[in-house]
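All of the numbers you see were taken from the coordinates with simple rules; none came from a lab. In this text, all values refer to a predicted model and were calculated from it rather than measured experimentally. Every residue, glycine among them, receives a Cβ derived from its backbone with ideal geometry; neighbour counts consider all protein chains shown.
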Amino acid sequence: MPKYIISLTAADRVGIVYSVAGALLDLQGNILELSQTVMRGYFTIILEVEFAAAKPAKLLVDTILERGRRFDPQVLVTEVKEPARKPAVPDGDRFILTILGGDAQGIIHGISGLMAAHGVNITDLHARVDGSRFSMVMEALIPPDLTPGTIRSELERYGREQGIEGYVQHENIFLATTEPGPVRVGVGQAGRSRPLAHAEIPGLDPAHAQDGGNGLASH
């Protein structure tokens with residue numbers, strides 16, 4: 001089924017998601033994935049949408065603009081080409097990298113350069129400057145032949161130069177420590193739920209559960 005990536009940017013106002021979703025529903029589109037954020041007062045949304053039959057990009061843009069006319073949005077439509085959807089890092093492990101420290105020019109450029117040099121694919125990234133403080137959370141696929149310890153060492157080296165701290169966690173450990181609802185399974189004494197031990201976290205290589213495996217590596 002034909003699929004499209006649709007992105008929209010507008011000054012933030014209540015009702016934009018409703019407007020975009022309604023326009024796509026009018027065209028009988030099915031939203032497969034959605035990512036949305038508000039940055040410095042501007043709303044941005046990216047969607048993957050599939051249709052039963054191909055739709056002209058102009059029709060998609062015009063329908064979204066017409067329904068969301070009061071928001072004065074900018075809209076971009078890209079048709080998904082199936083061959084381009086092959087993973088950049090086949091069979092890679094997903095890790096969460098957190099960077100904290102003082103703000104300075106070039107931090108994102110430097111860290112993304114470290115990732116690229118080792119074949120790490122950044123799949124999600126959020127960074128923010130608040131006063132003089134910089135923070136960044138990155139989701140990345142690390143190739144199977146690259147250990148988290150290598151990334152940790154690179155972040156340590158870069159951190160010493162820039163005065164920042166970096167943390168690397170396997171995705172399953174990150175979820176186990178930050179999203180207790182979905183991962184608290186089983187019943188312990190007195191009917192209380194218990195957190196998952198490292199060995200019980202689905203998809204986690206047992207070697208990464210130990211400190212020596214660098215599954216949880218800090219600066």
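Maximal additional length on extending the Leu125-Arg69 stretch stands at 17.2 nm, based on 0.36 nm per residue less the C-alpha distance.
In this rough spin-label picture, where each label sits 7 Å from Cα along the Cβ direction, the Glu50-Ala104 distance is 4.7 nm. Given the C-alpha centroids of the range 1-65 and the range 98-167, what is the distance between them in whole angstrom? About 31 Å separates the Cα centre of the range 1-65 from the one of the range 98-167. Please compute the net charge surrounding Leu141, taking Lys and Arg as +1 and Asp and Glu as -1 over other residues with Cβ under 13 Å from its Cβ. Neighbour charge sum, excluding Leu141 itself: -4.
As a rough footprinting exposure proxy, the listed residues His109, His118 were ranked by other beta carbons within 10 Å of their own, and the order from fewest upward is His109, His118.
If a spin label sat at a point 7 angstrom from the Cα of Val38 along the line to its beta carbon, the backbone N atoms of the range 6-27 nearer than 12 Å would be those of 11-17.
Note on Val80 and Ala117: the model spin-label points, each 7 Å out from Cα along the C-beta direction, lie 3.5 nm apart.
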